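Colleague: The structure that follows is given in the form of structure tokens.
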Amino acid sequence: MNRGISIWKKDVELFSHPALQEDRCVDAAVIGGGMAGVLTACFLKDSGLKTILLEADEIGRGQTGNTTAKITSQHGLIYDRLIRQFGPERAGLYAAANGWAVEAYGRMIHQQRIDCNFTPCNSYLYTETDERALEQEYEAAEKLGLKAELKTGSGPWRPQEGEPLGLPFAVQAALCFPNQAHFHPLRFLQALAKHLEIYEHTSVRRVEGNRLYTEGHMVTADHIIFCTHYPFVNMPGFYFMRMHQERSYAIALEHAGKLKDLYYGIDQGALSLRPTEEYLIVSGGSHRTGHNCCGGQYEALLQAARRYWPDSRAAAAWSAQDCMPLDGVPYIGRFSRLRPNWYVATGFQKWGMTSSMAAVRILSDLILKGASPWEGIFSPQKRHMVSTPGKLCMELRESVKGLSKGLWTRVRSEKGSLEKAPVCSHMGCRLEWNPEEESWDCPCHGSRFDRDGKLLDQPALRSLCASQTHDKDQDLTKNP
């Protein structure tokens, strides 16, 4: 089994792009070469703005290359919660934005004739235990004018042969959203990137006003758009206080039968499923980054594969990382009132494909027209941290705990103790060893480093110094 490389990365060799070699002056500079960044650069360029994209590594090699690539407006149990939290009007804005995003992918792919295995399908939520939760979500969808179909029963329900669900296990209820889709994300990204001015291996180290500074050059831009998955600028914005990161895991199964739709279980520990031409992708095992000292996520997925698809074989296994906002809605809009020419798209949770497309529409409207009809639900400036005090306190508690551990280990080290542990180069939180992926993970803000301290995931910008990860007197890969 190929572990660590998704089937998308295995299948496509993306075109390379040069590093930035000179200072530039442009209308718009997009930071980050994932789906949101490439789409944003594409829309702005097509609108007539001189636009460049800066990527610290290679485009599509971050979270976009690790997605399960579902194009759906069905985001778990989202609409009932949004109505209760924000009211039906703002919840309707979320539904409209993501419904538009699903349709926009189909239009772009058709008009540009992009070969990316775009496949229309249904998207199902299912439960083995909690029928009432799906009933409430169905009622919320109806209230917002969304097309949905609910299937329930008095006991466990297994569809008869020929019925649409077709899962290898019984469910209590299922909620179907029609007219959704899935695709090959890197083939789609490749097609868009051909027409853009992209600079890879060009890390933006700091941003001041309308200037971006890389390791050797400066870019001046009227509009600066942060599409870096997790914003690396701490202030203003304070996004490190307003969300955390979670990891989830996936395996690609050969010989697992034919499913044609998307499936997302709402129960604790339930599986998420989607087909491709060759594989069935089975995913799950979510946990907060830095909270995985025991591992076992891949093995749990493999056990499920052996139970439900005994003739299958795992061809690949990989993981992804998602930014989780306090109130469950992405932060898309102006970065801060103090920086009117900065924009941000982050906090996509598990739904990066439709959130990326919705972000493009919102950001391009703000830049070109000064306002977006969907600001009312997505704008970071129109939502307040006091609306989710419990979650805010939890985030602060995790940060304080991690920072305290980092300070403690440094003080002990200065006294000559051998009981050292690496601390994150972002804000100094103590890192935790992740045996599942052999990485050092930050429980505060989600930065990750490999065994040797090389940076894997932001918001940190620097790798660890060698002295932090190599100690002649102990094996630090054992949880300290």
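The values are calculated or read from the model by the stated rules, or taken from the named source; none is laboratory data. On a predicted model such as this, the values are computed, not experimentally measured, just so you know. Note that we place each Cβ from the backbone using ideal geometry, even for glycine, and neighbour counts take in every protein chain shown. We work out accessible area using only protein heavy atoms, side chains counted, and drop any ligands, DNA or RNA first. Shrake-Rupley method; radii C 1.70, N 1.55, O 1.52, S 1.80 Å.
Colleague: So with the 1.4 Å probe, I'd like the accessible area per residue for the range 138-273, rounded to whole Å². Kindly include the intermediate steps, with their values, before the conclusion.
Modeller: Numbers: 5780 Å² over 136 residues.
Value returned for the range 138-273: 42 Å² of accessible area per residue.
Colleague: Given the chain, what percent of its DSSP beta bridges are antiparallel, to the nearest 5?
Modeller: Details: 61 of 83 bridges.
Of those bridges, close to 75 percent are antiparallel.
Colleague: Okay, moving on. Pull out the extension gain between Ser16 and Arg132, defined as 0.36 nm times the separation in residues minus the alpha carbon to alpha carbon distance; nm, one decimal. Each step should come with its number before you reach the end.
Modeller: On the way: separation 116, 0.36 × 116 = 41.76 nm, distance 4.99 nm.
36.8 nm is the gain from fully extending Ser16 to Arg132.
Colleague: Oh, and also: I want to verify the translational diffusion coefficient of the chain in µm²/s; compute it with Stokes-Einstein, Rh as the Kirkwood radius over Cα pairs, at 4 °C and 1.567 mPa s.
Modeller: Values: Rh = 23.2 Å.
Roughly 56 µm²/s, to the nearest whole number.
Colleague: Counting only protein heavy atoms, what percent of the accessible surface of the chain is carbon or sulfur at a 1.4 Å probe? Don't jump to the answer; show the numbers that get you there.
Modeller: On the way: 9940 of 20290 Å².
Accessible surface attributable to carbon and sulfur in the chain totals 49 percent.
Colleague: Two-decimal Rg/Rh of the range 276-391 from alpha-carbon positions, Kirkwood Rh? The partial results should precede the final answer.
Modeller: Values: Rg = 19.1 Å, Rh = 17.2 Å.
Expressed as Rg/Rh, it is 1.11.
Colleague: Starting from the exponent 0.38 and prefactor 2.2 Å, build the expected Rg for the range 1-77 from its residue count and divide its actual Cα Rg by it.
Modeller: On the way: Rg = 15.2 Å, N = 77, 2.2 N^0.38 = 11.5 Å.
For the range 1-77, the normalised Cα radius of gyration comes out at 1.32.
Colleague: Note down the Stokes-Einstein diffusion coefficient of the range 208-288 in µm²/s, whole number, using a Kirkwood radius over alpha carbon pairs, 10 °C, and 1.306 mPa s. Please list the in-between numbers first.
Modeller: Working: Rh = 16.7 Å.
Answer from the Stokes-Einstein relation: 95 µm²/s.
Colleague: Rounded to the nearest whole Å², what accessible area per residue is found for the range 14-129 with the 1.4 Å probe?
Modeller: Working: 4580 Å² over 116 residues.
Ligands and nucleic acids excluded, the figure is 40 Å² per residue.
Colleague: Computed from the mean reciprocal separation of all distinct C-alpha pairs, what Kirkwood hydrodynamic radius does the range 276-318 have, in Å?
Modeller: Values: mean 1/r = 0.0852 Å⁻¹.
Here the Kirkwood hydrodynamic radius works out to 11.7 Å.
Colleague: Suppose only helical runs count, i.e. DSSP H with n ≥ 4. What mean residue ellipticity at 222 nm does that imply for the chain under -39500 (n - 2.57) per run, divided by all residues and rounded to the nearest 500 deg cm²/dmol? Can you show the working numbers first?
Modeller: Details: 11 runs with 135 residues, N = 480.
Result for the chain, helices only: -9000 deg cm²/dmol.
Colleague: Continuing with the same structure: Explain nothing, just compute: Karplus ³J(HN,Hα) = 6.51 cos²θ - 1.76 cosθ + 1.60, θ = phi - 60°, for every residue of the range 359-372 in order, whole Hz, x for Gly and Pro.
Modeller: Couplings: 4, 4, 5, 5, 5, 5, 4, 5, 6, 8, 10, x, 7, 10 Hz.
Colleague: How many times 2.2 N^0.38 Å is the alpha carbon radius of gyration of the range 233-333? Could the numbers behind the result be given before it?
Modeller: Numbers: Rg = 16.2 Å, N = 101, 2.2 N^0.38 = 12.7 Å.
Expressed relative to 2.2 N^0.38 Å, the Cα Rg reads 1.28.
Colleague: Which longest uninterrupted range of the chain lacks any chymotrypsin sites (Phe, Trp or Tyr not before Pro) assigned by DSSP to a loop state (not H, G, I, E or B) and surrounded by at most 15 other Cβ atoms within 10 Å?
Modeller: Numbers: sites that count: Phe15, Phe169, Phe238.
It works out to 239-480.
Colleague: With a cut-off of 20 Å, note down the residues of the range 8-26 whose backbone N falls inside the zone around a label point 7 Å from the Cα of Ala315 toward its beta carbon.
Modeller: The answer is 8-14.
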